[in-house]
Amino acid sequence: MQNHSTAPAPTAASPPALIDIGINLGHDSYDADRDAVLARAAAAGVVQMLVTGSSLEGSRHAIALAQQHPGLLFATAGVHPHHAAELTAARAAELKELARAPEVVAVGECGLDYFRDFAPRAAQRQAFHLQLELARTLGKPVFLHQRDSHADFLAILREHGLGHTGVAHCFTGKRPELHAYLELGLAIGITGWICDERRGAHLLPLMREIPQARLLLETDGPYLLPRDLEPKPATRRNEPAYLPHIAATVAGARGEALETLARSSTLAARTLFKLPEPPKAATM
Ligand SMILES: [Zn+2]
């Protein structure tokens, strides 16, 4: 059982509306209490969420969740570089079908990960090319993952040109990487990594360099529980209800009021992913 008392109490009657653009809500750590997770998200002001699809199976699950909660949950459909080997020519058609679904607002997560190298690099590059093409065909933005592969990642994105938009999700890089992504026209997804004083402090001064219209917020739950969150849930599981905590850190780093950042990042997410206004129940 999860401890419900760990969700942050809303500080005002209606906390500022936020959108979690990256939550792995299909993860089995949410199986026992997914509805409670969504209720805590709503209480914290998280009005819409993008459920990350990172494999064919995971994308199917993300779409199913979005269908169960229309207007509140949306899905991405894609194959994470860790799973790149599953994206054979035969299964590429399967991904195309999934990505076509109306609940799917972005293709991904896709990209390159040379940190863990769970899939051969050639397979990763091939899967990345394929998904960039798919996004262009469907006219949907891309949800991008990159780790320890900046040069190849950038080269492939440049090769595909500026014909489509997307987000560099869970940005943890340094200034040159940030500006390379901004020059490509990408939005930047900031997670609770920024709340980690050991490995995320370098992100704080970069926050002012991201234009309002390109700054998105995400938990990447169940991963990346903000390190400075108090009290910490016993499970160490991250969830959308902690998004205001991340937002407050980012707003502080930008010298903005939380409400200002909430308004701009929510508008930015809604614009990039073409999201409708949230259903009334979610805004209560
Ligand atoms: Zn990722």
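The values are calculated or read from the model by the stated rules, or taken from the named source; none is laboratory data. All values reported here derive from a predicted model rather than from experimental measurement. So basically every Cβ, Gly included, is an ideal-geometry build from the backbone, and we count neighbours across all protein chains shown. To get the accessible areas, we keep the full protein, side chains included, count just its heavy atoms, and leave off ligands, DNA and RNA. Shrake-Rupley method; radii C 1.70, N 1.55, O 1.52, S 1.80 Å.
Ala122 satisfies every condition listed in (1) touching a residue at least 24 places away in the same chain (Cβ under 8 Å); (2) more than 16 Å from the ligand (Cβ to nearest atom) except (1). Would you point out the residue of the stretch 199-251, among those that are closer than 26 Å to Val37 by Cα and free of Cβ contacts under 8 Å to residues at least 12 places away in the same chain, that is farthest from the chain's Cα centre (by Cα)? Among them, the one singled out is Glu230. In the stretch 208-226, which residue that is among the charged types (D, E, K, R) and within 17 Å of Ala180 (Cβ to Cβ) is farthest from the ligand (Cβ to nearest atom)? Only one residue fits best here, namely Glu209. Number of residues in the stretch 169-206 that are under 20 Å from Thr266 (Cα atoms) and not in a helix (DSSP H, G or I) equals 10.
Is there a residue in the stretch 146-160 that is open to solvent by less than 10 Å² (accessible area, probe 1.4 Å), assigned to a strand (DSSP E or B), within 16 Å of the ligand (Cβ to nearest atom) and within 19 Å of Asn24 (Cα to Cα)? No: the stretch 146-160 contains no residue that is open to solvent by less than 10 Å² (accessible area, probe 1.4 Å), assigned to a strand (DSSP E or B), within 16 Å of the ligand (Cβ to nearest atom) and within 19 Å of Asn24 (Cα to Cα). The strands (runs of 3 or more DSSP E) located wholly in the stretch 17-100 that include 1 or more residues which are within 16 Å of the ligand (Cβ to nearest atom) and polar (S, T, N, Q) occupy 73-77. In the stretch 227-241, the qualifying residues are those that are part of a loop (DSSP other than H, G, I, E, B) and crowded, with 22+ Cβ neighbours inside 10 Å, and the one that is farthest from the ligand (Cβ to nearest atom) is Glu239. Restricting Ser55, Ser59 to those that are of a type in the set (Ser, Thr, Tyr) and open to solvent by 10 Å² or more (accessible area, probe 1.4 Å) reduces the list to Ser55.
The single condition from (1) outside any strand (DSSP E or B); (2) within 16 Å of the ligand (Cβ to nearest atom); (3) of a type outside the set (D, E, K, R) that Gly111 fails is (1).
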